[in-house]
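Report on the following structure.
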């Protein structure tokens, strides 16, 4: 009877930005059309770019392997559409630089059947077989980090994992992709969890969902197979709860050590969309050639959740979704951590969880004041850093002190400090710049 | 899109903000101070009204002119100097000669705020520095008090108010004594009820503890004031004076008197909580509050002066950066402690 009174669990600090999810949370995932030309970058993940295994002019089938992983920290790429390889050349990337990519021109009349590969059978596959299958399927963290999933799942020999955490938090405003995946792909998620439990040697899984998705919680709980050692647990709505460290603190009360990994506290955590892709692709030996994204924001007319081919040029996607004339900012991902675009010619990649367009109404610049030590940032920082002090040091260019005395490198750039700052100081933006400077200085002392 | 003529900004995240703003915070502090100021005028009449007016004008004008001199945009629109002016006026004896009021305002804002670099860089509360300068320069005028609720307070201005600069102010023979000086020099106690309601004499805005508390609660609820600072100050003063009163009831006043007399309430709620000059962590704020409480008790009970809130806060302002140096938040994932 006290459950009504009990607050949902969470981590300390954090912020409560407006959710802005109502426009798209109720919209089922729809298939996005094929662009006239797809651009599949070879480096869509953290690690070494993939090596092309097709040549210019070659015909490819949708789902066919077109680039192989180059070493362990690298993943495969698959054709997003049946068509012909137009060229292999440099294409603009989100970093602002040019990066090699495979251009594919889809056949207009093709049925776009997806070709299958060698299935990975859950019952018979060994741990290494599953890891290899995940790498060959080109799977990376779909929450936005795009870190190769098989690398994350490779548990160090000296660590024991007791809990698999499936991250269904989706704390970024506007984004509703994980929400839809959890409503529409429950069987895939449960299959994915079985692979993940086996590969990490873990006995139990927890699916963590924020309290703004109680429909998901009910649906998942109802559909949960009796033989799957998994529970669905609700955490309070708070940003940045989707950050791995915050979610593990909220669900399990465990603190990942500074500079450490979840495996240091006996946990592996995987984004729920990533788990769903593992469950969807591995039984058929397929690879990732599309993903679910949210297209939203006040400057988009056809807001929604779409299954979009990897490599769709953003310009095509924006045309299809309808970008308002007074759009003033477009960014990939959510408004808290999403990257602003250097160019509209970049393609959608595996790490793109959505794109949001704002009009000038949302982006009016506010006047910057001096820091008044209000401590709003100190109370917001989920890692208990001192953004106020870091901001003063950043202004003074003291990046070494920022790192050595004030834990700059722990900052994962959630942006909560900038969000709350009443002086409108671009705190996290300066920390990003400071990290870049620090990396340069440490590389050439 | 280029072919449709969109101009897109390239900005680093986050792309949204909470909407909080320095000028909004400062304006709210002004709102919270207005009832206190209104009561000061109600209790002390025209003298208090003029004192407050001259205090605010001298502070705001000083900042505006100094910004002009420095050829930087005027910063008076952030409202912080309005708070300084109001607070400064509220700490003064109501019948203080107006030229002295103006002097203190000019000195406080120029020396304690502008010279340090303006808002955000002032190590000390400028209102208190202005008052401290006056206390040192004009000790007699700064301890000449007007009784509250004089019958002719709305029809007559005390002679001292319009004293010619550098002439000795003349008081009308109706000067009162504050509860603290009555206690210190005459061993006379004022009742807690009178103190709460502000029926005593004292600085213009320090007398009505209830209105000050109400303003503080409003700001604390809106998260524009760290309640830990006044709480730590008041608990420390209450704890110490309770223990001393238990030991020697004849020598030391009771808790209620210590809490609600003098400038403690105004200082604890509105002065010590100046965000710029107080520590940034919650633990640091508690340490800072305890330090102020300790100093107030020591100065009041064993010092030569009847009141010590101003010096206690200024000393703690000086200690604040060092408290921040000692007390930092425990970074996530670095062990408890």
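A few notes on this one:
- Computed from the alpha carbon positions, the gyration tensor of region B:1-132 leads to an equivalent ellipsoid with semi-axes of 37, 18, 12 Å, biggest first.
- Radius of gyration and maximum dimension Dmax of region A:168-244, Cα, Å: 12.4, 35
- Over chain B: helical MRE at 222 nm, DSSP H runs n ≥ 4 each giving -39500 (n - 2.57), nearest 500: -16500 deg cm²/dmol
- The relative contact order of chain A, computed from alpha carbon pairs under 8 Å that lie at least 6 residues apart in sequence, is 19 percent.
- Only Cα pairs under 8 Å and 6+ residues apart enter the sum, and on that basis the relative contact order of chain B stands at 16 percent.
- A viscosity of 1.002 mPa s and a temperature of 20 °C, combined with the Kirkwood radius over Cα pairs in Stokes-Einstein, give a translational diffusion coefficient for region B:92-176 of 155 µm²/s.
- With the cut-off at under 19 Å, measuring from each backbone N in region A:313-352 to a point 7 Å along the Cα-to-Cβ line of residue A:443 picks out no residue.
- Using only alpha carbons, the protein assembly as shown has a radius of gyration to Kirkwood radius ratio (Rg to Rh) of 1.10.
- Working note: 222 nm ellipticity from helices only, DSSP H runs with n ≥ 4, each -39,500 (n - 2.57), summed and divided by the residues of chain A, gives -7500 deg cm²/dmol to the nearest 500.
- The value given for region B:289-337 is a Kirkwood hydrodynamic radius of 12.5 Å, derived from the mean inverse Cα-Cα separation.
- Length-normalised contact order for region A:376-443 - Cα pairs under 8 Å, 6+ apart - percent: 36 percent
- Where labels lie 7 Å past Cα in the beta-carbon direction, separation of residue A:157 and residue A:363 in nm: 5.2 nm
- Cα-only Debye scattering, region A:39-160: base-10 log of I(q)/I(0) at q = 0.13, 0.14 Å⁻¹: -0.57, -0.65
- Cα-based values for region A:321-440, radius of gyration first and Dmax second, are 16.0, 48 Å.
- Shape parameters for region A:224-316, alpha-carbon atoms, Rg then Dmax in Å: 17.3, 46
- When the convex hull of its Cα atoms is viewed from all sides, chain A shows a mean projected area of 22.6 nm².
- The Cα center of region B:70-96 and the Cα center of region A:257-302 differ in position by 55 Å.
- Ordering A:277, A:113, A:68 by the number of other Cβ atoms within 10 Å of each residue's own Cβ, fewest first, gives A:113, A:68, A:277.
- Mean projection area, nm², convex hull over Cα of region B:23-326: 15.1 nm²
- Convex hull volume of region A:376-443 per residue (C-alpha atoms, cubic angstrom): 69 Å³
- Averaged over B:325-332, number of beta-carbon atoms from partner chains that fall within 10 Å: 6
- Debye log10 I(q)/I(0) at q = 0.15, 0.30 Å⁻¹ for region B:1-51, Cα point scatterers: -0.65, -1.04
- Here the calculated FRET efficiency for residue B:315 and residue B:251, from their Cβ-Cβ distance with R0 = 25 Å, stands at 0.50, rounded to the nearest 0.05.
- Computed log10 I(q)/I(0) for region B:113-267 at 0.08, 0.18 Å⁻¹: -0.30, -1.28, from the Debye equation with unit scatterers placed on every C-alpha and solvent omitted.
A short reminder: the numbers here are calculations on the coordinates, not readings from a lab. Because the structure is predicted, anything quoted here is derived from the model rather than measured. Please note: Cβ atoms are built from the backbone with ideal geometry, for glycine as well, and neighbour counts cover all protein chains shown.
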